[in-house]
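The next block holds one structure in the form of structure tokens; read it before the comments.
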Amino acid sequence: MTDSLQLPPLDDTHWPEAVADMRKGFAGSLNVYRTMAHHPDLLRAWAGLREHVVVRTALGRELSEVAILRTGVRLGSSYEWSQHVARARKCGLTDARIGAIRGEPSAMAPADGLIARAVDELFDTSRLTPATVTELAASVGKQGVLDLMATVGFYSTLGFILNTFDTPLDDDIAAELAARPFDPG
């Protein structure tokens, strides 16, 4: 039996020259991307999609965080959950609203419940029902429907990396959550 491949986040001394220009930006700021840096070509290709999904999404910041948090829940990714609790707070989500994302969509605010239901459909059936597409399009537009699917796919890939390699939570987020523990009430 062989040992499994381990890909810990790369520190600055082991950062690949092929993506040296990315170390000071998003890629060097999070352990998930420092793990992805083991494959410089993938990390470079990832940058454009990340820019769209994270910064330019038609979902808006709050609903994007709802989708990401629900994806983290479905993947069982403690890294994604913790990272995005901190990010969702910065977007104005309360701990009670964030905590509700772990539960039943019917118990959430309507917009959050719709997003959570859509994420669940994608995980459960690999597609959105026509009724959900119609409801989402009325709420976030047709581009928002596509951005929701892209967000779930994007963060699923990150979750697979995080869970496979047990990527540790970033120190700043761990410290932030230690100073202000998550309390859904």
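Comparing 32, 152, 133 in a Gaussian network model of the chain (Cα springs below 10 Å), the most mobile by mean-square fluctuation is 133.
Given points 7 Å out from each Cα along the Cα-Cβ axis, report the residue 102 to residue 42 separation in nanometres with one decimal. Going from the residue 102 label point to the residue 42 one covers 2.9 nm. Shown here for region 74-176: GluC sites (Glu not before Pro) in loop regions (DSSP other than H, G, I, E, B) with at most 15 other Cβ atoms within 10 Å, of which there are none.
What are the trypsin sites (Lys or Arg not before Pro) within region 92-135 that DSSP puts in a loop, where the Cβ has at most 12 other Cβ atoms within 10 Å? Listed in order of number, the matching sites are 127.
Would you calculate, for the chain, the mean residue ellipticity at 222 nm contributed by helices, counting each DSSP H stretch of 4 or more residues as -39,500 (n - 2.57) and dividing by all residues, to the nearest 500?
Details: 9 runs with 117 residues, N = 185.
Calculated at 222 nm, the ellipticity per residue is -20000 deg cm²/dmol.
Spin-label model, residue 172 to residue 23: label points 7 Å out along the Cα-to-beta-carbon direction sit 1.7 nm apart. In the chain, the portion of solvent-accessible area held by carbon and sulfur atoms comes to 56 percent [1.4 Å probe, whole percent, DNA, RNA and ligands not counted]. Solvent-accessible surface of region 54-158, averaged per residue with a 1.4 angstrom probe and all protein chains in place: 43 square angstrom. With Cα atoms as the point set, the chain shows a radius of gyration and Dmax of 16.9, 53 Å. Relative to the dominant Cα principal axis of the chain, helix 40-50 is inclined by about 30°. Once the Cα atoms are used to define both axes, helix 130-165 deviates from the longest principal axis of the chain by about 30 degrees.
Considering Cα pairs under 8 angstrom that are at least six residues apart, work out the relative contact order of the chain and quote it in whole percent.
Working: 201 pairs, mean separation 51.2, N = 185.
So the answer I get is 28 percent.
Comparing mean-square fluctuations of 148, 43, 63 from a GNM of the chain with C-alpha springs under 10 Å, the top value falls on 43.
GNM on the chain, alpha-carbon springs under 10 angstrom: the most fluctuating residue among 122, 136, 42 is 42.
For region 1-93, the calculated P(r) over all alpha carbon pairs, in 10 Å bins from 0 to the bin holding the longest distance, is 15, 39, 35, 10, 1 percent.
The values are calculated or read from the model by the stated rules, or taken from the named source; none is laboratory data. As the structure is a computational prediction, the values presented were derived from the model and not from experiment. In this analysis, Cβ positions are derived from the backbone assuming ideal geometry, glycine residues included, and neighbour counts consider all displayed protein chains. Note: areas computed on protein heavy atoms with side chains; ligands, DNA, RNA excluded. Shrake-Rupley method; radii C 1.70, N 1.55, O 1.52, S 1.80 Å.
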